[in-house]
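J.: First the structure, then my questions, so here it is.
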Amino acid sequence: MRQGLSSEEARARRERYGPNALPEEQSEPMWRRFLRQFQSPLIYILLFALAFDLFAWIQEGAHGLPVESIAIAFILLLNAGLGVFQEYRAEAALSRLQDLSAPQVWTYRDGTLARIPSSELVPGDLVRLEAGDRIPADGLLHEADGVLVDEAVVTGESLPVEKPAGEEVLSGTLLVRGKGIAEIRRTGLESTLGRMAQMLGGIEAGETPLERRLTTFGHQIARWVLALAVVLVALGLLFEGLDQFNRVLFFAVALAVAAVPEGLPAVLTLTLALGIERMSRRQALVRRMVAVEALGSVTVIATDKTGTLTENRMQVRDLDTPDPERALRAMVLANDAEVGTGVGDPLEVSLLEYSREQGTDPLTLQQEYPRRSSVPFDSARKFMRVTVEEAGRPVSYVKGAPEVILNRCRLTPAERKDWERKVAEHAGEGYRMLALAWREGEGEQDLEFAGLVSLWDPPRPEVPDAIRRAQEAGIRVLMITGDHPATALVVAREIGIQSARAITGHELQSLTPEALRQVAREINVFARVAPEDKLRLVEALQADGEIVAMTGDGVNDAPALKRSDVGVAMGQRGSDVTREVADLVLQDDNFATIVTAVEEGRSIYENIQKFIRFLFSTNLALVLLVMIAAFTAVLLNARDDAGALLLPLTAVQLLWINIVADGPPALALALDHNREVMRQPPRDPAAPLLDTPSLRFVVSTGVVKAAVGLALLALMPQFGLSIATTITVVFLYESIAQLVFVYPARRVNVPPERNGVLNGIIILSIGLQVLTVLLPPLRQMLGLTPMGLTGTIAVAVSVLATWGAAELLSHVRWRVNPSPRRVRAM
Ligand code: ATP
């Protein structure tokens, strides 16, 4: 047995050589992060206005406190604080993911094979490498079994090169075939990859199409609003004269700020990050933010069988052989699993276990008949060969898919027919079939048939339910497997995938593109599929307008994963290459996790729509209220005692509502659960962010809140309230009404579930609004007055009335009742 390093020695070397990783980038210091929050054209304008306001105050002799300036500065600081907080949380969530997705390697430590993060490797470590592994550090091959390495990253050479024992393997290159044991020589910055100063396998957190769409949308609004502000300034100067320039400017800027949902991009990023974190807690690791959106609109999940739908815990149920001794030798010798540790392909491990049960000691057998050469298994060829030395002469053992092996065996037509019948029979019972053969000398033809193994791989217990949930959500589930068609069909039926028949990869190859599309529409089980068939299938499905999530574990699956809309790789089984190109990695290799990820993807999108509705409804209400009131004041020439035009809300108040009161509830919406999303059909990826029901919500609630505000403005003086008190009433109404409107905003597409954080935040926020009137410093800063009983009643009644009406309406109007389900053949 190989010893490897002792843990102690490894620890000492780790101290000496450092981790096998590139130094982390310094994170941005807090102050710079804080300053960056001010980098937005709208905030620039606001800062400019603020400076102007202060300047005017100084020029007028600096009497008393510059209350307005202080208020604006305070609001801006709060806004920046909130921004930093959101950024920090989003980053923390993503960096935890980064740790989770760090690559792992099999290493000998203290005499056993252990799976450790590759950053823990030190020079001297012995690592076990197999097809699909990214070489974790520079090393020397001690053993090499058909090792073929793709060194394109380092040399640019696209053809893989053979590496016999004794040669170097370089970090960052890819083992495409075979397996080997390497001793690590150089790690971290000393290694080839380190010298190239580039790291593979990080999480891409670039701007997603959704974020981009939203940014463009935001810019469009900003342009309109700025145009509006310019018009306002011009009109204001016309009516108020130049001496009021700073007030007019200030007001126009505030209105502009009120019209734009500044918080949106930050809330969006945070919602995505928190959603991604929630997914990772449910074993679904998102590697690209973009995938979240695509997940929400997936219409087809194409999954492999072994290990994803089944447990990949093989058990030999039957061995049918004309020559038991040869059969057992083939099982043990044509086998790449580690005898001592049980590390390796579960199928091969099960063969070793079976031979042990039959009284054969695998280790003794392997030592007795040392390996001379081999051709490793790959899922395109579907067999493997090992040539050993038996009494000084070479003997080859082969195992693989029965069709492939039977074709290479010397059998009479009758014998072959008989074996084929047995294969079909056992496969029809759901067994995974494997054939064994041998011959004298080195070769893979003219073999002697040595037996047929039936293996049982139980379906995962949670899979049938997951498939049903996917189908209910309008998603088709396809099984794409390398296994025998009969086995595939039986397992598929058992877990709830219905298909008239199973099509094989061979049949697929002879189809025209049109015929392939037709087949992809009708058949749900694909068997004996080679990786290139997977690619063609994805393309055929996509050509039909489907959004495809596809799983893959082999080195050759990477192109199909890349091509699919959501490439899904396995966290435990499967190759580094598939994980690198994947959008989603299943930590538990479990199909049910894909369905969970789809649910989360849909839920995140739903939450984004919720806060868009919530925020835009407020923006529309404020703009309408202020514009209509201002024009009315101009028409009626309504002025206060100082001779200034009467306006419903001041600049400071607008900013307060839009920035301070709006932010926290929008954040809490990110925590909403929406299980009901799985009762709806997949979302059309081209559908607008503000869909028709949402638009209806924004317009109707925006108009109602503006109308009630205007009504209060007109009516309150009739009840004897002063102008200042009336404005306080309007301010309080608008700010509290928008807070409670978060509830109807949640109910447009799916019935909401309990969200304690949201309730808490709404109560706290309403409390804060009440404090703006009760606490003298806040009151003074915001330019409010005490309200008295009449004012308080007016606010309470109008909030409750509009809220009640909105709740009522939201039950009858906006709710898209379990929408017309798309009927499709499952
Ligand atoms: P899936 O794509 O669902 O994971 P799979 O794992 O069954 O399918 P492959 O691994 O390509 O697909 O296996 C195809 C066939 O090759 C199996 O049905 C089996 O007969 C044979 N086979 C699988 N593993 C080995 C192996 N290690 N050695 C020899 N033959 C194997």
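J.: If you take just the helices (runs of 4 or more DSSP H) that sit entirely in the range 747-826, which of them hold at least 1 residues that are modelled with pLDDT under 90 and within 37 Å of the chain's Cα centre (by Cα)?
T.: Numbers: elements: 756-774, 776-782, 788-809.
Those helices (runs of 4 or more DSSP H) span 788-809.
A quick yes/no check of all residues on (1) among the β-branched types (Val, Ile, Thr); (2) more than 16 Å from the ligand (Cβ to nearest atom); (3) modelled with pLDDT of 90 or more; (4) surrounded by 24 or more Cβ atoms within 10 Å (Cβ to Cβ):
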position: PRO265; (1), (2), (3), (4): no, yes, no, no
position: VAL292; (1), (2), (3), (4): yes, yes, no, yes
position: THR299; (1), (2), (3), (4): yes, yes, yes, no
position: ASP323; (1), (2), (3), (4): no, yes, yes, no
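J.: Shifting gears a bit: Condition first: on the phi < 0 side of the Ramachandran plot and away from the ligand (no atom under 12 Å from the Cβ). Now tell me which residues in the range 424-438 satisfy that. Steps first, please.
T.: The first filter runs over the range 424-438 and keeps only residues on the phi < 0 side of the Ramachandran plot, leaving 424-429, 431-438.
If the condition is that a residue be on the phi < 0 side of the Ramachandran plot and away from the ligand (no atom under 12 Å from the Cβ), then ALA424, GLU425, GLY428, GLU429, TRP438 are the ones that fit.
So that you can scan it fast, the table gives a plain yes or no per residue for (1) part of a helix (DSSP H, G or I); (2) touching a residue at least 40 places away in the same chain (Cβ under 8 Å):
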site: ILE604; (1), (2): yes, yes
site: LEU635; (1), (2): yes, no
site: ASP641; (1), (2): no, no
site: PRO664; (1), (2): yes, yes
site: ALA668; (1), (2): yes, yes
site: ARG696; (1), (2): yes, yes
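J.: Still on this structure, please answer the following. I'd like the full set of residues that are free of Cβ contacts under 8 Å to residues at least 60 places away in the same chain, within 18 Å of ARG177 (Cα to Cα) and surrounded by fewer than 19 Cβ atoms within 10 Å (Cβ to Cβ), limited to the range 340-366.
T.: Residue satisfying the conditions is ASP345 alone.
J.: Return the total of residues in the range 471-485 being out of contact with any Asp or Glu (no Cβ under 7 Å at 6 or more places or on another chain) and either within 16 Å of the ligand (Cβ to nearest atom) or not in a loop (DSSP other than H, G, I, E, B) (or both). Break it down into steps so the answer makes sense when it comes.
T.: Here is the first cut: in the range 471-485, the ones out of contact with any Asp or Glu (no Cβ under 7 Å at 6 or more places or on another chain) are 471-479, 482-485.
Adding the requirement that they be either within 16 Å of the ligand (Cβ to nearest atom) or not in a loop (DSSP other than H, G, I, E, B) (or both) leaves 471-472, 476-479, 482-485.
Count: 10.
J.: Taking the condition of being within 10 Å of the ligand (Cβ to nearest atom) and touching an Asp or Glu at 6+ places or on another chain (Cβ under 9 Å), how many residues in the range 400-423 meet it? Steps first, please.
T.: Going residue by residue through the range 400-423, those that are within 10 Å of the ligand (Cβ to nearest atom) are 400-405, 423.
Subsequent filtering for residues that are touching an Asp or Glu at 6+ places or on another chain (Cβ under 9 Å) retains 401-403, 423.
The qualifying residues number 4.
J.: Which residue out of ASP588, ASP662, ASP583, ASP576 is of a type in the set (Asp, Glu), farther than 30 Å from ALA229 by Cβ and modelled with pLDDT under 85?
T.: Values: ASP588 fails: modelled with pLDDT under 85; ASP662 fails: farther than 30 Å from ALA229 by Cβ; ASP583 fails: modelled with pLDDT under 85.
None of the other options fit; the residue is ASP576.
J.: Let me ask another. Identify the residue in the range 339-366 that is acidic (Asp, Glu) and more than 35 Å from the chain's Cα centre (by Cα) and, among all such residues, is farthest from the ligand (Cβ to nearest atom). Steps first, answer last, please.
T.: Our first condition is that a residue be acidic (Asp, Glu); within the range 339-366, this holds for 345, 348, 353, 357, 361.
Imposing the further condition that a residue be more than 35 Å from the chain's Cα centre (by Cα) reduces the set to 353, 357, 361.
Details: GLU353: 14, GLU357: 19, ASP361: 21 Å.
That would be ASP361.
A quick yes/no check of all residues on (1) touching a helix residue (DSSP H, G or I) at 6+ places or on another chain (Cβ under 9 Å); (2) farther than 30 Å from GLY194 by Cβ; (3) not polar (S, T, N, Q):
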site	(1), (2), (3)
ALA10	yes, no, yes
LEU35	yes, yes, yes
PHE52	yes, yes, yes
PHE55	yes, yes, yes
GLY61	no, yes, yes
ILE75	yes, yes, yes
GLY83	yes, yes, yes
ALA90	yes, no, yes
ALA93	yes, no, yes
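J.: For GLY760, only one of the following conditions fails: (1) surrounded by 14 or more Cβ atoms within 10 Å (Cβ to Cβ); (2) out of contact with any helix residue (DSSP H, G or I) (no Cβ under 7 Å at 6 or more places or on another chain). What is its number?
T.: (1)
J.: Still on this structure, please answer the following. For the range 367-381, give me each residue that is within 16 Å of the ligand (Cβ to nearest atom) and surrounded by 14 or more Cβ atoms within 10 Å (Cβ to Cβ). Give the steps one after another, and end with the answer.
T.: First, pick out the residues of the range 367-381 that are within 16 Å of the ligand (Cβ to nearest atom): 371, 374-381.
ARG371, SER374, VAL375, PRO376, PHE377, ASP378, SER379, ARG381 - these are the residues of the range 367-381 that are within 16 Å of the ligand (Cβ to nearest atom) and surrounded by 14 or more Cβ atoms within 10 Å (Cβ to Cβ).
Rundown of residues vs (1) at pLDDT below 90; (2) under 19 Å from VAL568 (Cβ atoms); (3) in contact with a strand residue (DSSP E or B) (Cβ under 7 Å, 6 or more places away or on another chain), yes/no style:
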| position | (1), (2), (3) |
| --- | --- |
| PHE251 | yes, no, no |
| ALA258 | yes, no, no |
| THR310 | no, yes, yes |
| ALA327 | no, no, yes |
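J.: Being assigned to a loop (DSSP other than H, G, I, E, B) and within 21 Å of ASP544 (Cβ to Cβ) is the filter here; which residues of the range 486-521 pass it?
T.: The first filter runs over the range 486-521 and keeps only residues assigned to a loop (DSSP other than H, G, I, E, B), leaving 496-501, 510-512.
ILE497, GLN498, SER499, ALA500, ARG501, SER510, LEU511, THR512 - these are the residues of the range 486-521 that are assigned to a loop (DSSP other than H, G, I, E, B) and within 21 Å of ASP544 (Cβ to Cβ).
J.: On to the next question. Taking only pairs six or more apart or across chains, which ones have beta-carbon atoms under 7 Å, a first residue in the range 417-439 that is closer than 18 Å to MET331 by Cα, and a second residue that is more than 10 Å from the ligand (Cβ to nearest atom) and among the polar types (S, T, N, Q)?
T.: Taking only residues 6 or more apart or on different chains, the pairs are TYR431/SER454; MET433/SER454; TRP438/SER396; ARG439/SER396.
Table: residues versus (1) under 40 Å from the mean Cα position of the chain (by Cα); (2) at pLDDT below 95.
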{"residue": "SER379", "(1), (2)": "yes, yes"}
{"residue": "TYR397", "(1), (2)": "no, no"}
{"residue": "GLN445", "(1), (2)": "no, yes"}
{"residue": "LEU455", "(1), (2)": "yes, no"}
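J.: Applying the selection to the range 382-395, what residues are surrounded by fewer than 19 Cβ atoms within 10 Å (Cβ to Cβ), over 45 Å from the mean Cα position of the chain (by Cα) and in contact (Cβ under 8 Å) with a residue 40 or more places away in the chain? Please lay out each step first, then the result.
T.: If we filter the range 382-395 for residues that are surrounded by fewer than 19 Cβ atoms within 10 Å (Cβ to Cβ), which is where we start, we get 382, 389-394.
Applying the additional criterion that residues be over 45 Å from the mean Cα position of the chain (by Cα) yields 389-394.
Passing the criteria: ARG393, PRO394.
J.: Just checking, does the range 20-27 include any residue being within 30 Å of SER118 (Cα to Cα), part of a loop (DSSP other than H, G, I, E, B) and modelled with pLDDT of 85 or more?
T.: Narrowing the range 20-27 to residues within 30 Å of SER118 (Cα to Cα): 20-27.
Checking the rest, the ones that are also part of a loop (DSSP other than H, G, I, E, B) come to 20-27.
From what is left, the residues that are modelled with pLDDT of 85 or more are 20.
Yes; the residues of the range 20-27 include at least one that is within 30 Å of SER118 (Cα to Cα), part of a loop (DSSP other than H, G, I, E, B) and modelled with pLDDT of 85 or more.
J.: Given the criteria at pLDDT 95 or above, away from the ligand (no atom under 16 Å from the Cβ), over 30 Å from PRO324 (Cα atoms) and surrounded by fewer than 23 Cβ atoms within 10 Å (Cβ to Cβ), does ARG468 qualify? Give the derivation first.
T.: On the way: at pLDDT 95 or above: yes; away from the ligand (no atom under 16 Å from the Cβ): yes; over 30 Å from PRO324 (Cα atoms): yes; surrounded by fewer than 23 Cβ atoms within 10 Å (Cβ to Cβ): yes.
Here the answer is yes, as ARG468 does meet what is asked.
J.: Right, here's the next one. Hey, could you check the range 546-566 for residues that are in a strand (DSSP E or B) and away from the ligand (no atom under 15 Å from the Cβ) and say which is nearest to VAL292 (Cα to Cα)? Working first, answer last.
T.: Pass one, the range 546-566, residues in a strand (DSSP E or B): 548-552, 566.
From the residues that got through so far, the ones that are away from the ligand (no atom under 15 Å from the Cβ) too are 548-549, 566.
Numbers: VAL548: 13, ALA549: 12, VAL566: 9 Å.
Ranking the candidates gives VAL566 first.
J.: Separate question: I need a count of the residues in the range 548-570 that are touching a strand residue (DSSP E or B) at 6+ places or on another chain (Cβ under 8 Å) and under 14 Å from ASP133 (Cβ atoms).
T.: So the count comes out to 5.
J.: Oh, and also: Would you confirm whether or not the range 56-70 contains a residue that is part of a helix (DSSP H, G or I), in contact with an Asp or Glu (Cβ under 8 Å, 6 or more places away or on another chain) and among the aliphatic types (A, V, I, L, M)? First the steps, then the outcome.
T.: Let us first name the residues in the range 56-70 that are part of a helix (DSSP H, G or I), namely 56-59, 67-70.
This time we only want the ones that are in contact with an Asp or Glu (Cβ under 8 Å, 6 or more places away or on another chain), so: 68-69.
If we keep only those that are among the aliphatic types (A, V, I, L, M) as well, we get none.
No, because not a single residue in the range 56-70 is part of a helix (DSSP H, G or I), in contact with an Asp or Glu (Cβ under 8 Å, 6 or more places away or on another chain) and among the aliphatic types (A, V, I, L, M).
J.: Among the residues of the range 566-603, which ones are of a type in the set (A, V, I, L, M, F, W, C), buried (at least 23 other Cβ atoms within 10 Å of the Cβ) and either in contact with a Ser or Thr (Cβ under 6 Å, 6 or more places away or on another chain) or within 28 Å of VAL343 (Cβ to Cβ) (or both)? Quick ask: steps written out before the conclusion?
T.: Pass one, the range 566-603, residues of a type in the set (A, V, I, L, M, F, W, C): 566, 568-570, 577, 581-582, 584-586, 591-592, 594-595, 597-598.
Those left that are additionally buried (at least 23 other Cβ atoms within 10 Å of the Cβ): 566, 568-570, 577, 582, 584-586, 591-592, 594-595, 597-598.
Scanning the range 566-603 gives VAL568, ALA569, MET570, VAL577, ALA582, LEU584, VAL585, LEU586, PHE591, ALA592, ILE594.
The values are calculated or read from the model by the stated rules, or taken from the named source; none is laboratory data. Because the structure is a prediction, the values reported are computed rather than measured. Glycine also receives a Cβ, built like all others from the backbone with ideal geometry; neighbour counts cover every protein chain displayed.
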